[in-house]
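Trainee: Pasting in a structure now, in structure tokens, and then I'll have a few things to ask.
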Amino acid sequence: MAHTHHHGSDNERALKATLLLTTGFLVAEVVGGLLADSLALLSDAAHMFTDTAALAIALAATRVARRAADARRTFGYHRFEILAAAFNAVLLIVAAAYILWEAWQRLHAPAAVESGLMLWIAVAGLAVNLIGMRLLSGGKESNLNVKGAYLEVWSDMLGSLGVIAGALVIRFTGWAWVDSVVAVAIALWVLPRTGQLLRESLNVLLEGVPEGLDLGEIEQGLRGMEGVADVHDLHVWSIASGKASLSVHVVCTPMAQDGFALMHRVRELAARRWGLHHATVQVEQEPCEQADAPHAYGPTTDVHAGHAH
């Protein structure tokens, strides 16, 4: 628990510091984009705005997720992190769609762009984004909420590089249409990665099998245990990043004398082999009515099955 709390505190500090950086730069980029009349800068500013909103939401979700479980939220508040990650992905998709539409309008009537101002603001933005990525890199692999924030900052870093390249081209060639092309490239680069984040978040919200786990392999492993005759009503899902759970009905063989011992062996295998440390195991002498559907979700009327949790 102390280890988890330590990582939670680190993630919160990283999110807070990155939020302060992006908020400060957002103002400068919006003003600079308007003064330079640069769609590429405003495109980057739109992403920076979603960064700021996303980081604020992520920070709030991290704090809410620390609240202890209670009688109304028996799994606690960890799911707030996933809701924040999904919301961040939606924000990015909306921002990218707007930039694509605006770029299409500008390609037909390119505007004059102040490339010098555009360049210096983009360089400053690149520095801010690199610092933010460094701050968030420690928690992005273990926390979808932090990963969402990291992807936001990472996409802005790429945007800053694109704006720098565009500003240099405009400065030496005078091709104002390059500004719109850069804006489109930024949006198209971000969308697939945002889609992946949204899919991962929705998988958690829909109680899907966590990434990296194979339900068939888990079922096969449980069926292969000594004393197990059959397995049904198997569910594997996660509440939030790194918080996966398992529930299963296990039918014991006639030779299995101790249902509690079998239950403990199933839980030990789930934790050791698949990292499923929160497992609910029902041991039955005979299959209950839910055995007809491997992933049944319905009322239990069986009263003769011996079971243990």
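The values are calculated or read from the model by the stated rules, or taken from the named source; none is laboratory data. Here the structure is a predicted model, which is why all the values come from computation and not from measurement. Ideal geometry is used to build each Cβ from the backbone, glycine not excepted, and the neighbour counts take in all protein chains shown. The protein model used for the area step is the full one, side chains on, heavy atoms only, and it has no ligands, DNA or RNA in it. Shrake-Rupley method; radii C 1.70, N 1.55, O 1.52, S 1.80 Å.
Trainee: Mean-square fluctuation check for the chain, GNM, Cα pairs under 10 Å: which of V163, V153, V231 is largest?
Mentor: The residue with the greatest mean-square fluctuation here is V231.
Trainee: Of the GluC sites (Glu not before Pro) in the range 156-260, which ones lie in a loop per DSSP and count no more than 13 other C-beta atoms within 10 Å?
Mentor: E207, E211, E226
Trainee: Once Lys and Arg get +1 and Asp and Glu get -1 on their Cβ, which of A56, V281, V31 lies farthest toward the positive end of the dipole of the chain?
Mentor: Farthest along the dipole direction, towards plus: V31.
Trainee: Taking the Cα centre of the range 118-255 as origin, sum charge times position over the Cβ atoms of Lys and Arg (+1) and Asp and Glu (-1), and report the length of that vector in debye to the nearest 20.
Mentor: 760
Trainee: Treating the range 78-222 as a set of equal point scatterers at the Cα positions, no solvent, please give the Debye-formula log₁₀ I(q)/I(0) at q = 0.20, 0.21 Å⁻¹.
Mentor: -1.17, -1.23
Trainee: Let me ask you something else. Can you give the angle from 0 to 90° between the axis of helix 39-65 and the longest principal axis of the chain, with both taken from C-alpha atoms, to the nearest 10?
Mentor: The two axes meet at around 30 degrees.
Trainee: How big is the charge dipole of the chain about its Cα centre, in debye rounded to the nearest 20, if each Lys and Arg gets +1 on its Cβ and each Asp and Glu gets -1 on its Cβ?
Mentor: 1000
Trainee: Given R₀ = 22 Å, FRET efficiency for V123-V31 by Cβ-Cβ distance, to 0.05?
Mentor: Taking R0 as 22 Å, the efficiency between V123 and V31 is 0.90.
Trainee: Using the crude model of +1 on Lys and Arg Cβ and -1 on Asp and Glu Cβ, and no other charge, please compute the dipole size for the range 202-277 relative to its Cα centre, in debye to 20.
Mentor: So the dipole magnitude of the range 202-277 works out to roughly 240 debye.
Trainee: With every protein chain kept in place and ligands, DNA and RNA left out, what is the accessible area per residue of the chain? Probe 1.4 Å, answer in Å².
Mentor: Averaged over the residues of the chain, the accessible area is 50 Å².
Trainee: Another question, then. Taking the Cβ of V64 as the center, what net charge do the other residues with Cβ under 10 Å away carry, scoring Lys and Arg +1 and Asp and Glu -1?
Mentor: Charge balance in the 10 Å sphere: +3.
Trainee: Select from L151, G138, G162 the residue farthest towards the positive end of the dipole of the range 133-247; place +1 on Cβ of Lys and Arg, -1 on Cβ of Asp and Glu, and compute about the Cα centre.
Mentor: My answer, from the dipole projection, is G162.
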